[in-house]
Every structure is written in structure tokens, then in C-alpha cells.
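Working notes, structure below.
The values are calculated or read from the model by the stated rules, or taken from the named source; none is laboratory data. Predicted model, so just to flag it, every value in this text is computed and none were measured. Glycine gets a Cβ as well: all are built from the backbone with ideal geometry, and neighbour counts include every protein chain shown.
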Amino acid sequence: MKQFIIFVKKEFYHILRDPKTLIIIIGLPIIQILTFGFALTNEVKNSKIAILNPTIDETTTKIVDRLEASRFFEIEKSINSPNDLDAAFKSGKIRMAVVFQNNFQSNLLHNKKADIQLITDASDPNIATMVSNYATAIINDAQTELNPNYQMPYQINIATRLFYNPQQIGAYSFVPGIMAMVLLLISTMMTSLAIVREKELGSMELLLASPMKPLVLILSKVVPYLIISLFNWLMIVILSVWLMEVPINGSFLLLFLVSLVFIVASLALGLFISSITDSQQVAMMISLMGMLLPTLILSGFMFPIENMPLPLQVVSNIVPSKWYYSIVKDIMIKGLGINAIWKETLVLVGMTLFFIAVSLKKFKIRIS
Amino acid sequence: MVMSDFKAIEVKNISKNYDKGKIVALDNISFDVKKGELFGLVGPDGAGKTTLLRIIATLLLQDSGEAKLDNFDCVADFKAIRQRIGYMPGRFSLYQDLTIEENLNFFATIFNTTIEENYHLIKDIYVQIEPFKHRRAGKLSGGMKQKLALCCALIHKPSVLILDEPTTGVDPVSRKEFWDMLGRLQHDGITIIVSTPYMDEANLCDRIAFIHHGKLLTINTPQNIIDSFGNVLWSISGDNLFSLMTKLRAWQNTKSCFSFGENLHFVSINAQITPQDIMHYLKDDSVQVSKIVPSIEDCFMSFMQN
């Protein structure tokens, strides 16, 4: 026990006396959550549009005003001739052009019918669809307002409700994903580097020639980084709740406990990496480059896993952050309890035990 | 000297290869170290000293043969051995960002002891570095680093001290101090096996083993090794040593000729050769020839030649 305590203390000396590294391991998660949280969004806001309106009248002005008033659109310019449309799209500034028919209002009043054409830049098909959907909805609203008394003979009403995230705020899905990614990367890198550094500096040789047991050595490497990771986790949660306005609808205690499990799993993964490599550079490559892409792509927060080819879906199961991402979403956004997440938690516990067992087994009791 | 016939280290027919047999590090090495002995492994860089010490310290597995320390097998009983050895690797391996005191305290605790418990063992050494005990190990001079490393290896009162080139890169004064300390530790009953590339340090050991290219050349006391030199050794000095050496090496009377600093050490196959003969052959006014007592290094060179 005394061995364990002094080892943990020694590890903290290493961390605290290397301010550069300390700033990186504390600052990096914060910077990542901020940049990813604000930059990563699939909401369409302030899309620039162009208006082609040959006859300006009351109705068209009303529609244009409504488009401009919404937070989705910003009118970049008015175009006078259809010939200028092409140039406007080619300049790359606008995502959509709204084209009104000649004599829009008089057509509407006399022929009971007038046309609007929505032209979108479909070089990004998802955004093009979204932008035209938003515009259609706004124009439809304007139409109902123009004829408040008009009654169709019969009508099917579609009432859509968006559960858990009615405002469709992107941060609700990205924040849990980034939490999973940042915690996994930082925790894995810290432990793997801490052990490999002892090998590189030669102090491992002294530790091996001492009565210290491998299990004590491994555990005392994990504990300091567990504390730092928990601190990082707390910072991320605070930033998410106060800055990104992501709610914690479920139990905070439960969220804390499963996060603890996930962090231990990540630290154990770091141990595993350190047991298969002897140089800090390789350990860094594996834990950063090797982990970044799988967590980014296969966690499910950027691309839905259900849409991936089967082999990738299978591979995604061994990515710990996939399970944690699903847990965090369930607790924070959906407000679910232990009943909904026990399976995922069990998977993480299993991974932890596996990585620790393998690291212990692969731990070299001699210099190879 | 508290030497007895009890064997602290027994090495039998140890061989070790690296790179799947391409590099032979140790070739069938056998020797014993008596309890309480100060035993030196002497040889140039790459001779196999580190490999041998690591095998004894249970850090490497030999390919064949067996090694025992205090009657424990270095492979099977590695845990017992790790309780009773103090090991100091050739490279400074303490934590550079920890202070002297923290390093010492750390290693004391790792070996389940405290600084106070065995302070008497390290006192002579520790008082020299104690004024700097709050200085980080990475900021110490080479000599102080080695003293600290020795303290850390000693703090748990090991029965055998294994030191791998402890004085490499250390200034002559610190080297002398270091060897004085080893002498005192020996009086406390600690067996010491130490490797060194410095031949002058070999004289300070009870017995030494010459090791070269993984082979043991000889094992004996320094005095016996010098006595067994068996030839007359001449020291030759002159203005142009290099041309003198080339000339001597071409002579039919020459057995060996090596450069030793300012002089040449010369051995003739002709035991009756006189300084006049040598000067006559060299035909150089600046040459001076004198008869000298061989040093350990002379003996090593002569063993290497055979």
C-alpha cells in the first residue's frame, strides 16, 4: 500500500512539474469541446439567398420579408434578370435563388394561381434539400396568412413532434459525441505515454529490479490520470451545460458513474497500448492517430452507424466511445435511467477488464 | 575483509546471443563471486559486461547456462533475488524531475523500507549530496548523480550490489571518492560486483575478470595477474611516437608494441634484449628506453593478443 501511495505521489510530481504537458492535458479538452461544439453543426443558419422579383407588389414583399425575418436566410442581393442567375450561383455566395413569376400578385388574385421557383445549389445535396424545405415551409405559412378564412373541403393534418430535441439543436448530438472522443483520446494518450516514458528513460529497469509487483505498478499509473480525466470530464460537462446549453435531463450521479467507467476503460486501453510499444513516439501515434479516426467516424455522432456497410458496423462495436456516446445521449438528452443503459455500461466494464488483463499478461517482467 | 568461501554469485556456462544468434554477447561464461568480495568485470565497451550483469540482476534471460545469487536461481527465483539486490544501471535512470530527497524516499519505499532505517549505510555518501537535497536530480553533476544512484541502490541494505560502469563519465576526483565508498560498503559485508572499462580501477578490486567479445580471458587478483605477465616490459619515449611504433612493429624481435599516452610499451620475444639494442635499432637520438612494471592494462593487452 505504501508503495502504491508513493508511486501515485511520484506520478503527480511528474505531472505538476511539467507545466507544458499539464496545460495540454487540461487545456486540450476545453479547446476541443469549444471548437467542435461551435464548429460542428449541421443546422442551416443564415443561408444567403438571391431574389428575382420582376414586379414588386404587396404579396411578394410580404413573402420576401418573411424569408428575411427567419433565422435561416439572409438576402444577399436582388437580381433583375434571369440571365444574372447563373452568375450569382457561380460566384458561390448564394445557396438558393427565389424566383417570382411576372405580375405575381395580379396572377394570384385573378387566376387564383401564381408560381414561385426555388433554385438551389445542390453541390451539397443535404444543404440544398434543407434550404428548400425551410423556404417551402415559410412560403406555405405566408400563404395561409393571406387566406385566413379559406377552408379546403377536407384535409389531412400532419402533426409532427420532435421528441427530446424539439428545436433540433445540433449541440445535443455533438456534445455527447465530443465528450466521448475527447475523454477517450486524452485518457488513452496520458497513460500510454506515462508508462512508455519510464521504459524510454530507463527507470523501468530499476523498477523491474525491485520487489514492486506489476499490478501495483500498473494501478498506480492509472490513478493519477483517472483524477485528471475526471477533472477534464467535469470541465466538459460544465462547458456543455452553461455554454452549449445542453441539458442534463437524467441523473447527474448516474452520468458521473458511467463516465467513471468509460474513463477507466480508456485508461486501460492506454495501458494496453503501452504494453505493446517501447517508444513514446509510437505510443503517441497509436493513441492519437489510431484512435482519432475510429472515434470520430465509428462512434455514431457524425455518421449514423446504421447506414454503414456491415463490416464497419461490426467494427464499430469495439470502439469504446460508441457505447459511451449512446449512454451520454440517453442520460443527458433523453433523461433515461439505468434500465436503458446497463447493457452499454456492461460492455465498457468488459472492455476495461479485458484491457487490464491483457496489459498484465503482456507486462514484461524483464527487459526484452 | 569479511570474505568467506560462501558464494554470493555463481555463474555457470552462461551464453547469450542477440539478433537470433548473429551477435554473440556472452560465450560460455563461468565464475564465482565470494560473499563479501569486491569483484570487478573489466573490459572495453561492447565486451558483454552489461548483458552479464543484467542476467545476474534477473533482468535478462540467458540462452543457456545458469546463474545463482545467494543460492537463488536468477530465472526461477527472480522475485527473491529482486528483494536482495541493489542494482545500478549504466545509464542514469533515476527520475530527473524529482529532487534528491524524493528519489531516495521513493526507492526506499519501493523496497519496503525507510531512509531512517538504513541511514547508517548511506550516511557517508549521502552527507556529500545532502546540501543539495532539494535540487532536482536532472540538475546534478555527473559525480553527484552517481552518488545519488548508489544511495538509492543501497537504501534497502542489499546483500549484493550490482554496479554497471558506475564511474563512466565521472571526473577523476569523484571516481576516487566513489571507489573509497565501495571499499567501506565492503567492510559492511555487502558483496559488490562492478563493471568498468577503466583499467586503473581494476587494481581496487579483490579479484577481477577480464572480459572481451563475450569471452572471459582470465580471473584472478590484480596482483596475481600482474605477476603472471611473464615478460620484461620496456617503456620507450621519443619525438615521433607513431613512426617509432611503426618501426618497432616491423622488427623481428618484437612481440608487442602499444601506445600508452606519452610512451610506447614494448615487449620483445628476446628476453635478453637490452636498451642499447633497442636504441641501436631505432637510430633516433630522442629515444629513451626504460624497464617498467606492467600495469593491469598491459596485462589485458597481452591477454587479448593471446
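Some observations on this one:
- Looking across the stretch B:158-173, the residues that are touching a helix residue (DSSP H, G or I) at 6+ places or on another chain (Cβ under 8 Å) and modelled with pLDDT under 90 come down to B:Thr167, B:Gly169, B:Val170, B:Asp171, B:Val173.
- Contacts under 6 angstrom Cβ, first residue in the stretch B:62-80 being over 14 Å from B:Leu52 (Cβ atoms), partner part of a helix (DSSP H, G or I), 6 or more apart: B:Phe72/B:Ala80; B:Phe72/B:Ile81
- The condition of being within 14 Å of another protein chain (Cβ to nearest Cβ), out of contact with any Lys or Arg (no Cβ under 6 Å at 6 or more places or on another chain), surrounded by fewer than 18 Cβ atoms within 10 Å (Cβ to Cβ) and of a type in the set (Ser, Thr, Tyr) holds for only one of A:Thr21, A:Thr35, that being A:Thr21.
- Remark: pairs (first residue in the stretch A:192-215, within 11 Å of another protein chain (Cβ to nearest Cβ) and at negative phi; second residue outside any loop (DSSP other than H, G, I, E, B) and of a type in the set (Ser, Thr, Tyr); Cβ separation under 6 Å; 6+ apart in sequence or on different chains) = A:Ala209/B:Tyr87.
- Test result for B:Ile23, surrounded by 15 or more Cβ atoms within 10 Å (Cβ to Cβ) and either β-branched (Val, Ile, Thr) or touching a helix residue (DSSP H, G or I) at 6+ places or on another chain (Cβ under 9 Å) (or both): no
- Selection within the stretch B:126-161: residues that are among the small types (Gly, Ala, Ser) and buried (at least 21 other Cβ atoms within 10 Å of the Cβ). The member of this set that is farthest from the chain's Cα centre (by Cα) is B:Ala137.
- Per this entry, A:Gln155 is not counted among residues that are more than 22 Å from the chain's Cα centre (by Cα), more than 26 Å from A:Phe303 (Cα to Cα) and surrounded by 13 or more Cβ atoms within 10 Å (Cβ to Cβ).
- So A:Ile297, is it closer than 24 Å to A:Leu346 by Cα and at pLDDT 90 or above: no
- Among the criteria (1) more than 23 Å from B:Ile211 (Cβ to Cβ); (2) away from chain A (no Cβ under 14 Å); (3) crowded, with 18+ Cβ neighbours inside 10 Å, the one B:Phe39 does not fulfil is (1).
- Candidate set from the stretch A:231-253 (those that are farther than 19 Å from A:Thr35 by Cα and in contact with a helix residue (DSSP H, G or I) (Cβ under 6 Å, 6 or more places away or on another chain)); member that is surrounded by the fewest Cβ atoms within 10 Å (Cβ to Cβ): A:Ile248
- For B:Ala47, the test of being closer than 30 Å to B:Ser302 by Cα and not β-branched (Val, Ile, Thr) is passed.
- Complete set of residues in the stretch B:42-52 that are within 14 Å of chain A (Cβ to nearest Cβ) and in contact with a Lys or Arg (Cβ under 9 Å, 6 or more places away or on another chain): B:Thr51, B:Leu52
- Checking each residue in the stretch B:279-306 for being more than 30 Å from B:Thr196 (Cβ to Cβ) and either of a type in the set (Asp, Glu) or over 35 Å from the mean Cα position of the chain (by Cα) (or both) picks out B:Met279, B:His280, B:Tyr281, B:Leu282, B:Lys283, B:Asp284, B:Asp285, B:Ser286.
- Identity of the residue in the stretch A:169-198, of a type outside the set (A, V, I, L, M, F, W, C) and modelled with pLDDT of 90 or more, that ends up farthest from A:Met332 (Cα to Cα): A:Glu198
- Here B:Ile55 meets the list (1) within 14 Å of chain A (Cβ to nearest Cβ); (2) among the hydrophobic types (A, V, I, L, M, F, W, C); (3) in a loop (DSSP other than H, G, I, E, B); (4) crowded, with 22+ Cβ neighbours inside 10 Å almost entirely, failing just condition (3).
- For the stretch A:2-9, the count of residues that are within 14 Å of chain B (Cβ to nearest Cβ), touching a helix residue (DSSP H, G or I) at 6+ places or on another chain (Cβ under 7 Å), of a type in the set (Lys, Arg) and crowded, with 17+ Cβ neighbours inside 10 Å is zero.
- Those helices (runs of 4 or more DSSP H) of the stretch B:208-288 in which at least 3 residues are of a type in the set (A, V, I, L, M), more than 30 Å from B:Asn13 (Cβ to Cβ) and not assigned by TED's automatic domain parsing to the domain that holds B:Gly40, considering only elements entirely within it, cover B:241-249, B:275-282.
- For A:Ile79, the criteria (1) free of Cβ contacts under 8 Å to residues at least 60 places away in the same chain; (2) surrounded by 12 or more Cβ atoms within 10 Å (Cβ to Cβ); (3) closer than 17 Å to A:Ala142 by Cβ hold in every case but one, which is (3).
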